[in-house]
Structure formats: C-alpha cells, structure tokens
1. So what J values fall out for the stretch 224-236 if you push phi through Karplus, 6.51 cos²θ - 1.76 cosθ + 1.60 with θ = phi - 60°, rounded to Hz, Gly and Pro as x?
2. Grab the beta carbon distance between residue 207 and residue 472, set R0 = 45 Å, and tell me the FRET efficiency rounded to 0.05.
3. Starting from the Cα coordinates of the stretch 211-274, work out the convex hull volume and express it per residue in Å³.
4. Could you tell me what percent of the DSSP beta bridges with both partners in the chain are antiparallel, to the nearest 5?
5. Accessible area per residue, 1.4 Å probe, Å², for the stretch 533-600: what's the number?
6. Roughly speaking, to the nearest percent, how much of the stretch 1-81's 1.4 Å accessible area is carbon and sulfur?
7. Quick one: give the max-minus-min coordinate of the C-alpha atoms of the chain along each principal axis, largest first, in Å.
8. Restrict the search to the stretch 255-352; then list the GluC sites (Glu not before Pro) that DSSP places in a loop and that have at most 14 other Cβ atoms within 10 Å of their Cβ.
Amino acid sequence: MCGIVGYLGPNPAFPILIEGLQRLEYRGYDSAGIATLEEGCLLRVEKKKGKVVDLTNHIGEHAPTGTIGIGHTRWATHGPPNDVNSHPHLGGQGKIALIHNGIIENYEAIKELLTHRGHKLVSDTDTEVLAHFIEEVRISSGLDLPDAVRVALKEVVGAYAIVVLDQDHPDRLIAARKSSPLVIGVGSNNEFYVGSDATPIVAYTKNVVYLEDEEVATMHRSGELKIRTIGDVVITPEIHAIEMEIASLEKGGYEHFMLKEIFEQPRSIQDSIRGRVRLQTGEIHMSGIDDHWDVWNKAGRILIIGCGTSWHAGLVAEYLFESLARIPVEVEYASEFRYRNPIIRPDDVVIAISQSGETADTLAAIRLAKEQGAHVFGVCNVVGSSIARETHAGAYTHAGPEIGVASTKAFTAQVAVLSTMAIHLGHKLGRLEDKAFMRLISGLSNVPGLVDRVLSKAEPLLHVATVFASADNALYLGRGYQFPVALEGALKLKEISYIHAEGYPAAEMKHGPIALIDQDMPVIFIATHDEVYDKVVSNIQEVKARGGRIFSIVTEGDKKVRALSDHVFEVPKIHEALAPLLTAIPMQLLSYHIALLRGCNVDQPRNLAKSVTVE
Ligand code: AGP
C-alpha cells in the first residue's frame, strides 16, 4: 500500500515529488524517499524513516534541482521501517533507482541467483532485489533499460507498480505495473506525472493514462509515451479525462480529513443516489443492473465480497437484499473467498465492494469469480480503479476522494448504493409492492437531510468520548440491520484509538462476551425502533444488571432505553432498512473524539494504510 510518484518535464522535480508524496501519504507512512538526476546526471537519493515531513527536514535547504525524479512513501512489507529499507533502491552499480508498491513473492529465489553472481544487497527488501535483477538483466543481455525491465518482470511473481530512473538516460522514466495501481498524468508541456492514483497528478493535469497489468511505459522528455506489454506487444495509450477536483483533496478548514469526510456525508449520500432514485416519477434507474437484467432477473444467489468496512457494508446489504428483494445472499471476506475454492453456481451474481477499487484480496476474488463464469458487479469509489475496470458492471459511490484511513463517508455511500440496488431489485422483481417501494425511496431521499440533522446535534458525543477514552476494551452490540453497524463501530474505534473493541449480535452476548461485562467495560448498544427493539432492550437490561457502562443510540423520543442507559444519542425515526445510514454517524464521531482524546493520529493511524494493495 505504498505511495509512488514520478515527474519528468521542464520544471524542478523536487517540489512536485514532495507535494505528491504528501497527497499519497495516506497510503503508507513508515518512511519516505526521493531520487532525482542532478546537474551532470548525478543520481541523488534522499530517503528517511518516518513521514514526508521528516524527509524534507532531513533534506533541509539543499533541495535537489533536477527536472526528473521519483518518490515513495512506504508501508513496510519486507523489512522493518528504517532508512536502509526506505525506497528508492539502487541497482548494484548505482545507476538505476527504483521505487515499488507491491510484493515480489519470488524475491528470495531471485536474491539467491543475484548473490551467486556477486551482487551485494544492503537492505531486507524485495524491492532492492528487483532493482539489482533489472540491472543484472540489462548487463547480461545488453538490452536497453525498457526492454531489460520488461524481460526481468516476466520472471517476477507477485504484485508491482514500479518507476525506474536511469542515470544514463536523464530524458526518460520507465514505469510498469501488475496488480498494484499506477496512473500516468500527461501534461501540456511535454510533462509526465506518475502516481499510485490520480491524487498527486490532478493539480497538474486531468489527462491520465491507466496502465494495465503487465504493461511497461516509457515516458520521454520529448513528450513521447510508449507502452508495451511484458510480452513485447505494443499498446496504444488511451487518455482519460478525470473529474477529481483538487479542492476535494484539501481539509477545507477541518482539523482532520476524517472529520471533514464525516461532515461531507449529507452530500456524499446525496451524490450517490442522485440520478438513480427519482422520487418525482417514483422510479429507480441503475444502468449497471438494468442493462444486465437478463442476469439479475434469474439471480439465484448474491455473493458479496469485500474487506474491512466494505465487508460491513456487504453485511448490511445481506439484510437489505434478503428482506427487500428476497434473494439469498452470502457475504464473504475476499481474502477467504479467494483461497477456499468456493462453489459458484451459474445463477450466482457477485457484488464486489471496495472504496479504493485496488484492494488486492478483493481484486483477486473478482478474478476468481469471473474465471468461474459469474457476473461481477462492482461498488467502487474511485473512477477508473482496477476493480471498477475489471468488473462486468457496477455503480460508483460518488463520495469523492476519501483520504482519512478510517472509512466513513465511503461506508454510508456504499450502504446508500446497496440500499438503492435492493429496493430497485425488489420492486423490479415484483417482490416489493408499490406502496412499500414508494415509502422506501421517499425515506432514502430524506436521508441526506436527516444525516445533516444528526451531525448538527453531535456535540454531546464529546462528553461520552471523555467518559470512554480511558477504556481498554469496548463492546458494540446490535441486532438485524444494526449488527453490521456494531461491527463497523468497533472497527472505527480500534483502528484509530487502538482500544480493543468487538462488535457482536446483541443476542450473542450471552454466549460468552457477557463474561467481559464489568464497570470498566463500555457497552455501546444500537437500540433504534425496529422489529427487534424489545429484544435489544432485554440485552441492555442484562448488561445493566452486571454493572456495564451503557451508551445507547436510540430513536428520537425513546424513553425505555434512555432509562436504562448511562448515555444516549438520538437519531431521527426512519425505516429500519435505512437506519444504518444514520446510526453509523455517531459511531464515527465517537471514535474520532476518543482517538483525539488519546492523542492518536486520526488520519494516519499506526500500522495502517488507506488502500491494502498487497495480500
Ligand atoms: C476501514 O476503515 C479500513 N480503512 C479498512 O478496513 C478498509 O475498509 C478495507 O481495507 C477495504 O478497503 P477498500 O474498501 O478500499 O477495498
């Protein structure tokens, strides 16, 4: 999940590389480094453990001036975060510098071969092995570097997005990818920008080329862009215009990206249903479904795959599709699905959910499902991402770039899109009558305003956070549609505050977790008015009887749960199928405030990265 950038053009590379790394730092922040070609083709490499700011402090006043360079911000896979293991890495002769996002699975075998040929490696990384290997291929074959890269990558097993700087050729940059994302920005003044995604590029150009798997691109200062497959097939570059706005990558006055993104949810939910839910005419339009009605009309089962928060959105969708469209659903962790030799039936439809559209396990699961003949529908937040491009159809969540590592607006946007799908399918399949359909699309259309209302009265959550901030553990409990929200609330808390938290179906508490309850254990209940409300009330009484500290999310006007709880937070009344769109909000804000009170880095939590592009 590292971030990689590159620049080739008439301007100094250093400021462009540093700004690009700062925009990509959410992808990994264990170490950072750059390499540029200076006056007289001197290869200058500066790299440091820590964040990009530590690198710039290390470089100080003597900034590089070269007009070609590469940069990297690391999430460590092989070798601990330290200066030596930081990227860029050099080939043995010190003439090529390489940065890499991914994992070279057969690096030990390659390392053994290189060692026999006298190569001396100084780091613990698979990336340095690749740099030496490319150089070895170039020297032993006499090939020009682009071809040496191509030939070397044919021997590599694993995932890579690389950019290579060649001391002997200051007029060209070489990039290649397989299973890790890479975007090339095409500037107006014979400039090229390389990024792991479009965020470091969009400030300079909206014209991008998405490199496909096993393609090698050679960018030249003349403005020429050559692309070949590693099998040496010439590819014609396809330029796409992206819509991302640079403003969407700034904090917009908020202290953290996470807080900004939490407060963007009225807009991101609205944008995710706009054009699809048409209240005036009482219709839903989803071309990703409607254009493939022959598939959906006979769907015998829906398999939902995802990771982390996206998996939680998939669990909400299970309740939605089964209750509203009466289609059997199974939800799977992508990492499990891809290795358990799953049985995929001809009438299965697979839904892959991913904010980044680059999660390695989800991408691999999609490829497996496609190999077995399934129709795969993607729910992604990044236009042009690998998952968006590899699925047969899909629906974008128009949440805008999500920079905070902890997913917030992407989750509610995913749930909004999945809710729209379930309502649409139920109605179109004749399993949801008109009256219920209209009630649901009216409710969905009101959600952005209700989220706004929830956000406008979120102040009391700060007090609850103060009470819970010193806890070592926490339990999140919900039933039905709120069980996945309990899981999501627990994930939010643990990933940004480092408090151990678990989400459970409320009824499951009696099968073990109730042993954890004491006066030090915060228990967060989601007890909104729905089919299982009375059952949740009983669970709250069981916790109260054992001295647990109870924080409950309730429907406005609730008295019963209020009387049983130490703290409550009210959300507006809404159809139970749409309630996760509201109850997720206090979960996000509670975690945010607790993490701040504990002095944690909310946007860049330790050990994490925004997009898990390695297994
Ligand atoms: C959620 O807050 C985490 N950042 C993480 O669990 C994330 O949801 C997971 O890695 C899946 O990412 P994706 O949606 O981009 O595929």
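1. Per-residue couplings from phi come out as 6, 10, 10, 10, 9, 7, 5, x, 6, 9, 6, 10, 7 Hz.
2. Efficiency at R0 = 45 Å is approximately 0.30.
3. Numbers: hull volume 10.9 nm³, N = 64.
Value for the stretch 211-274: 170 Å³ per residue.
4. 60 percent
5. Values: 2370 Å² over 68 residues.
Ligands and nucleic acids excluded, the result is 35 Å² per residue.
6. About 54 percent, which is the carbon plus sulfur part of the accessible surface.
7. Per principal axis, max minus min of the Cα coordinates gives 77, 54, 43 Å.
8. 255
The values are calculated or read from the model by the stated rules, or taken from the named source; none is laboratory data. The shown structure was predicted, so the numbers you read here are calculated from the model rather than taken from an experiment. Positions of Cβ are generated from backbone atoms using ideal geometry, with glycine treated the same way; all protein chains shown enter the neighbour counts. Protein only, heavy atoms only, side chains kept; ligands, DNA and RNA dropped before computing areas. Shrake-Rupley method; radii C 1.70, N 1.55, O 1.52, S 1.80 Å.
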